[in-house]
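The values are calculated or read from the model by the stated rules, or taken from the named source; none is laboratory data. Predicted, not measured: the structure shown is a model, and the values here were computed from it. Cβ placement follows ideal geometry from the backbone for every residue including glycine, while neighbour counts extend to all protein chains displayed.
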Amino acid sequence: MAEVVASRAEASWKTLGARIDYWRRILPAYLGIGVSQLTFWHDQPELNRRAVGTALGEYYQNFAAKATYGGPYDADGIPLLDYRGHLGRQYNPIAIAQYALANYNVHAQTRSGDALARFLRATRWLVTNLERNSHGVWVWHHHFDWEYWQRLRAPWYSALAQGQGISALVRAHHMTGDSAYLNAAIRAFESFARDLDDGGVRHVDDHGDWWLEEYVVSPPSHILNGLLWSLWGVRDFQLATADWYAADLYERCLATLERKLPAYDVGYWSRYDLSPTAIPMIASPFYHRLHVVQLQMMHLLAPRPVFVEYAERWQRFAASSWCRGRALVEKIVFKLLYF
């Protein structure tokens, strides 16, 4: 009995230590003190209307601030994110893909040679660092643990990384003609044809709705921004390859969005995901703004009345000081309870 009590006490101390480390890393970042991973992520979401069309062109968001990321970088010029605490500096494949896409847009708009060089360095990293997961599926791994309402244990992979990595690679192939980029994109796309239990990032629920999961957890949590960004990667792959399955997957996920988007509305704000937690995980102010921009772009790419309806509704929430205040309080409560 004493051994059981001691074991539980040790586990509790480890959990408390992990929470303290998490808040020690996060609080300064949220308060704007020093450089952290949030310096990279929390740019101003901006629609890129030049990306609308039936051919592969600029990326759907400008990511303008990410093109001139202030670092840190590794010796080869690949961006690192500083997570502070015990995690320190890490390669994040989502960040590297977004950095590549940001510089692709800059080059497309200005013909900047420096932006082109940054784009190609990042896309070469994506080719080199694609690796097989435990099921033999080619993915970009995150080689560090991550705090979610369930803890993600390294190495973990993500539909978001797969989608944006593919978006970067097919543009690199279109620009250079180098088959290594297309071959890597084809390998990475296999994850979208595999269910979660089979090493992929696709989930078909009991109602027949098709999802792309940013985090592979059980039960699936259906993170909204991750689904939308991943879906753009599916669209880009279809534009680059005319793949029939990519076209079918895109349409099935669009149908899911049409049916399920109302579930992300809490009456005063948007939800970050559909996790089965006691209180909903609502979006932070950044992710709420991102949802609006993503839905605006989705309506331009695949017009659906529901996309405009919720983009405008959530924009009104963001303009309300009462809605913003309530959302901030509930977000803090959720973080304290689950992180």
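Quick notes
Residue by residue, here is whether (1) under 24 Å from Asn133 (Cα atoms); (2) among the basic types (Lys, Arg); (3) touching a helix residue (DSSP H, G or I) at 6+ places or on another chain (Cβ under 7 Å) holds:
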| position | (1), (2), (3) |
| --- | --- |
| His207 | no, no, no |
| Trp211 | yes, no, yes |
| Ile223 | yes, no, no |
| Ala240 | no, no, yes |
| Thr256 | no, no, no |
| Asp265 | no, no, yes |
| Tyr272 | no, no, yes |
| Phe286 | no, no, no |
| Gln294 | no, no, yes |
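- Evaluating Ala122 against the criteria (1) touching a helix residue (DSSP H, G or I) at 6+ places or on another chain (Cβ under 6 Å); (2) in a loop (DSSP other than H, G, I, E, B); (3) small (Gly, Ala, Ser) leaves one unmet condition, (2).
- Test: residue in the stretch 193-209 that is buried (at least 23 other Cβ atoms within 10 Å of the Cβ) and either basic (Lys, Arg) or over 17 Å from Pro93 (Cβ atoms) (or both): no
- Residues within the stretch 314-337 that are out of contact with any Pro (no Cβ under 8 Å at 6 or more places or on another chain), in contact (Cβ under 8 Å) with a residue 12 or more places away in the chain and surrounded by fewer than 16 Cβ atoms within 10 Å (Cβ to Cβ), tallied: 4
- Applying a threshold of 7 Å to beta carbon distances and a minimum spacing of six or more residues, or different chains, the list of pairs starting in the stretch 102-130 at a residue that is of a type in the set (S, T, N, Q) and ending at one that is not in a helix (DSSP H, G or I) reads Asn105/Asn48; Asn105/Glu58; Asn105/Tyr59; Asn105/Asn62; Asn105/Phe63; Asn129/Trp140.
- Cβ pairs under 7 Å, 6+ apart, first in the stretch 174-199 and without any contact (Cβ under 8 Å) to a residue 60 or more places away in the chain and closer than 14 Å to Val234 by Cα, second hydroxyl-bearing (Ser, Thr, Tyr) and surrounded by fewer than 15 Cβ atoms within 10 Å (Cβ to Cβ): Ala193/Tyr245
- Members of the stretch 82-105 found to be touching a Leu at 6+ places or on another chain (Cβ under 9 Å) and surrounded by 21 or more Cβ atoms within 10 Å (Cβ to Cβ), listed by number: Asn92, Pro93, Ile94, Ala95, Ile96, Ala97, Ala100, Asn103, Tyr104
- Any hit, the stretch 198-220, residues being more than 17 Å from the chain's Cα centre (by Cα) and under 15 Å from Val139 (Cα atoms): yes
- Checking each residue in the stretch 214-271 for being assigned to a helix (DSSP H, G or I), within 22 Å of Phe317 (Cβ to Cβ) and not aromatic (Phe, Trp, Tyr) picks out Leu224, Asn225, Gly226, Leu227, Leu228, Leu257, Glu258, Arg259, Lys260, Leu261, Pro262, Ala263.
- Number of positions in the stretch 73-91 that are of a type outside the set (Asp, Glu), out of contact with any Pro (no Cβ under 8 Å at 6 or more places or on another chain) and closer than 16 Å to Thr128 by Cβ: 4
- Inspection of the stretch 272-287 identifies no residue that is of a type in the set (Asp, Glu) and more than 17 Å from the chain's Cα centre (by Cα).
- Selection within the stretch 125-147 - at negative phi, part of a loop (DSSP other than H, G, I, E, B), of a type outside the set (A, V, I, L, M) and over 17 Å from the mean Cα position of the chain (by Cα): Asn129, Asn133, Ser134, His135
- Annotation: Val52 fulfils all but one of (1) under 17 Å from the mean Cα position of the chain (by Cα); (2) at pLDDT below 95; the unmet one is (1).
- Some residue of the stretch 58-71 being closer than 25 Å to Phe144 by Cα and either touching a strand residue (DSSP E or B) at 6+ places or on another chain (Cβ under 6 Å) or modelled with pLDDT under 50 (or both): yes
- Every residue from the stretch 148-171 that is over 13 Å from the mean Cα position of the chain (by Cα) and assigned to a loop (DSSP other than H, G, I, E, B): Tyr148, Trp149, Gln150, Arg151, Arg153, Ala154, Pro155
- In the stretch 257-276, the residues that are in contact with a Leu (Cβ under 8 Å, 6 or more places away or on another chain) and of a type in the set (Val, Ile, Thr): none
- Residue within the stretch 272-295 that is in a helix (DSSP H, G or I), touching a His at 6+ places or on another chain (Cβ under 7 Å) and not aliphatic (A, V, I, L, M) present: yes
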